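Since the structure comes first, as C-alpha cells, the remarks are kept for the end.
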Amino acid sequence: MKPYVYVTRKVPEEIYHKLQEQYDVDMWPEEEVQVPRELLLEKAQKADALLTVISDQLDEELFSEAKNLKVVANMAVGYDNVDLDAASKHQIAICNTPDVLTDTTADLTFALLLATARRMIESAEFVKEGKWKSWSPMLLAGTDVHHKKIGIVGMGKIGTVVAKRAAGFDMEIIYHNRSRHEVAEEMLGATYCSFDELLETADFVVCLAPLTEHTRGMFQREQFQKMKKDAIFINASRGAIINEQALYDALVAGEIAAAGLDVFEKEPISADHPLLSLSNVVALPHIGSATKETRMAMMETCCENLDAIFNDRPPKTLVNKNLLSL
Ligand code: GLV
C-alpha cells in the first residue's frame with residue numbers, strides 16, 4: 001500500500017502528479033483559503049506524511065493523534081508554526097525548505113527596501129490615479145539607498161545575501177546576530193555590533209531573524225525610538241518579531257520615517273489595519289520567496305524529503321536533527 005500523504009494547500013498539477021506516482025495523495029483543493037483546523041486534525045490522524053504551509057499550526061494536539069505520521073514537509077524555511085519538541089517527542093521528522101529560496105527572498109527584501117526608500121508604490125499609484133501634472137523638483141522625493149548604512153538583524157543565509165546586494169549599492173553594512181558571521185565580515189566588510197548600536201546608527205534596519213522565543217516582540221516602541229528619525233524599517237521575516245501597534249505609533253509620531261513590511265502579526269492583515277492607512281508604509285502579502293521558479297523548487301524539496309523518509313534515507317533538510325540519533 002502506498003503511504004498516504006495529505007497536502008494542506010493546492011499545489012500545481014506537476015507536483016500533484018509527481019506525488020501521486022508514489023503516494024496515495026489527498027489535497028485541500030483551495031489555493032487561497034486555509035484548510036479548516038478540524039479537517040487538518042482529521043486528515044492528520046490517518047496520514048503517513050503531511051505537506052504543509054506556514055499557516056498550518058502543527059502542535060501537540062495534532063501530533064498526539066497522528067499515530068501514523070512519520071514526516072511533515074513544511075514548505076518554508078521558517079518553522080515557527082511547528083512545535084518541534086512535540087514533533088520530536090512523537091518521533092515525527094520535520095523538514096523545511098532552506099537554500100532554494102535564499103536569493104529570491106533576498107531580492108524581495110532589497111526590492112522592498114528600495115520601494116520604501118524611493119516611494120515607488122505611492123508614485124505608481126500617483127501616476128495611475130492621474131495625479132501627475134508636471135515634473136517638479138521635490139515631487140515624491142524619497143531617500144537615497146546607495147552609500148547609506150544598512151543594519152541587518154539576523155545574519156543567516158538570507159541576511160548574508162541581502163548584505164551582498166547592499167555591498168553592490170556601496171552601502172556600509174552593520175549587523176546583529178546571535179553569533180559572529182566571519183564570512184560576511186571578510187567577504188562583504190560587514191561589521192558586527194550590538195542591537196542598540198545597530199538601532200541607533202543604521203539608516204535602514206532590516207529584520208531577517210527567525211521567530212523564536214528570543215526574537216518574539218523584539219521590536220517594541222523603545223526599539224523604534226532608538227532609531228534615527230529618518231530611518232526606514234524593513235521586516236521580511238515574521239510579523240510577531242515586532243509589536244505592530246508600537247510601529248504604528250512610532251511612524252505617526254515621526255520617530256522613524258517609513259516601513260516596508262512583507263510579514264504581519266496576523267496574516268492576512270485586515271484591510272482596515274491602521275498601518276495600512278499610512279502612506280509611508282509599503283505592505284506586501286508575505287511574498288518573500290514567491291517566484292515561480294523558487295516556489296517550484298520549494299515543493300521539489302518537500303517531495304525529496306518525503307522520498308528520503310519513505311526510502312529510509314535521512315532527509316536533506318531535516319530540522320529536528322535529534323531524530324537521526326534515535
Ligand atoms: C516564508 O516565510 C518562509 O519561511 O519560507
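Only helices (runs of 4 or more DSSP H) whose full extent lies in the range 33-90 are considered here, and the ones with at least 1 residues that are within 16 Å of the ligand (Cβ to nearest atom) and in contact (Cβ under 8 Å) with a residue 40 or more places away in the chain are 84-89.
Does SER64 meet the test of being modelled with pLDDT of 95 or more and under 26 Å from the mean Cα position of the chain (by Cα)? So SER64 fails the test. Of all residues in the range 4-32, which are aromatic (Phe, Trp, Tyr) and part of a strand (DSSP E or B)? Across the range 4-32, the qualifying residues are TYR4, TYR6. Screening the candidates GLY156, GLY142 for the property of being open to solvent by 20 Å² or more (accessible area, probe 1.4 Å) and within 16 Å of the ligand (Cβ to nearest atom) yields one hit, GLY156. Picking from residues in the range 283-305 that are open to solvent by less than 10 Å² (accessible area, probe 1.4 Å) and more than 14 Å from the ligand (Cβ to nearest atom), the one that is nearest to GLU32 (Cα to Cα) is CYS303.
The values are calculated or read from the model by the stated rules, or taken from the named source; none is laboratory data. Source: prediction; values computed, not measured. Note that we place each Cβ from the backbone using ideal geometry, even for glycine, and neighbour counts take in every protein chain shown. Only protein heavy atoms, including side chains, enter the accessible area calculation; ligands, DNA and RNA are left aside. Shrake-Rupley method; radii C 1.70, N 1.55, O 1.52, S 1.80 Å.
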